[in-house]
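First comes the structure, then the notes that go with it.
The values are calculated or read from the model by the stated rules, or taken from the named source; none is laboratory data. Values in this document were obtained by computation on a predicted structure and should not be read as measured data. All Cβ positions, even for glycine, are placed from backbone atoms using ideal geometry, and neighbour counts span all protein chains on display.
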Amino acid sequence: MKRSPALPAATLLLLTLAVQSFAQTPRVAARAPTTAPPAAPSVVKAKYEGGVTGYMKKQTGTLLFNDAERRLVFRDKAQREYFSIPYDALAAIWPDTQARRTTAGTVVSSLPLPYGANMLGLLMRNKQRYMVVQFDDDDTDVRGVTSFKLDNKQTLASVIHTLAGKADLKPRGESFIRNKDKVADRTSGKTPDE
């Protein structure tokens, strides 16, 4: 008995059309309601990465929310005040993540291992999380950008949300910004009602 070559071809065609039509249906992503992270503690361990005029040396220390004087204070290891940024000077804050090769990965990749096994060291990476702060320096009349390395994702989110709330910044995507008209009013010395 002869088999018709059209039967397997027709079956294959039907399966292809079924898969294509399923792939083209719109998907609705179930989004969980976004909740604000818990408030950050008043003192948070951080590493200053540079960017403030006159303070170029990287330092490990702590960030302190000084609500009485409305400013963000960075203190060095000896808990001396290194510099501060007033809440009103903040223009924008946002999170940043960078993947870097670990020290162990660097060592493994430089070892003379057979069959290219040292190439696995190139895959040894970890994520480092930063809070990036854009500000207007009233003393020098210069805009600046600085960053602080924080321990983990939860700490980063809580510090950014807490600082944004204290500085009256508005959310925009993953960042928080100050409206242009409020920046202009602050720099001119006028209140928004004038």
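Among the residues of the stretch 56-83, which ones are part of a loop (DSSP other than H, G, I, E, B) and not hydrophobic (A, V, I, L, M, F, W, C)?
Initial filter on the stretch 56-83 (part of a loop (DSSP other than H, G, I, E, B)): 56-58, 67-70, 76-80.
Within the stretch 56-83, LYS57, LYS58, ASP67, GLU69, ARG70, ASP76, LYS77, GLN79, ARG80 meet the criteria.
Can you run down the residue pairs with Cβ atoms below 8 Å, 6 or more apart or on separate chains, where the first is in the stretch 71-90 and more than 16 Å from VAL133 (Cα to Cα) and the partner is surrounded by 19 or more Cβ atoms within 10 Å (Cβ to Cβ) and modelled with pLDDT under 90?
Within 8 Å, no pair qualifies.
Restricting attention to the stretch 106-147, report how many residues are among the small types (Gly, Ala, Ser) and without any contact (Cβ under 8 Å) to a residue 12 or more places away in the chain. Explain how you work it out, then say what you get.
As a first pass, look at the stretch 106-147 and keep what is among the small types (Gly, Ala, Ser): 109-110, 116-117, 121, 144, 147.
Those still in the list that are without any contact (Cβ under 8 Å) to a residue 12 or more places away in the chain too: 110, 116-117.
Number of matching residues: 3.
Just to verify a result, which residue in the stretch 76-110, among those that are among the β-branched types (Val, Ile, Thr) and more than 19 Å from LEU150 (Cβ to Cβ), is surrounded by the most Cβ atoms within 10 Å (Cβ to Cβ)?
It comes out as VAL108.
Every residue in the stretch 56-75 that is closer than 17 Å to THR146 by Cα and either surrounded by 12 or more Cβ atoms within 10 Å (Cβ to Cβ) or among the polar types (S, T, N, Q) (or both), please. I'd like the intermediate steps shown before the answer.
First, pick out the residues of the stretch 56-75 that are closer than 17 Å to THR146 by Cα: 56-65, 71-75.
Of everything in the stretch 56-75, those that are closer than 17 Å to THR146 by Cα and either surrounded by 12 or more Cβ atoms within 10 Å (Cβ to Cβ) or among the polar types (S, T, N, Q) (or both) turn out to be GLN59, THR60, GLY61, THR62, LEU63, LEU64, PHE65, ARG71, LEU72, VAL73, PHE74, ARG75.
Would you mind finding the one in LYS149, LYS127 that is of a type in the set (Lys, Arg), surrounded by 12 or more Cβ atoms within 10 Å (Cβ to Cβ), part of a strand (DSSP E or B) and at pLDDT 75 or above? Outline the logic, then answer.
Details: LYS127 fails: surrounded by 12 or more Cβ atoms within 10 Å (Cβ to Cβ).
So the residue among LYS149, LYS127 that is of a type in the set (Lys, Arg), surrounded by 12 or more Cβ atoms within 10 Å (Cβ to Cβ), part of a strand (DSSP E or B) and at pLDDT 75 or above is LYS149.
Testing VAL108 on (1) part of a helix (DSSP H, G or I); (2) at pLDDT below 85; (3) touching a Lys or Arg at 6+ places or on another chain (Cβ under 6 Å), one condition comes back false. Which one is that?
Going through the list (1) part of a helix (DSSP H, G or I); (2) at pLDDT below 85; (3) touching a Lys or Arg at 6+ places or on another chain (Cβ under 6 Å), VAL108 breaks only (3).
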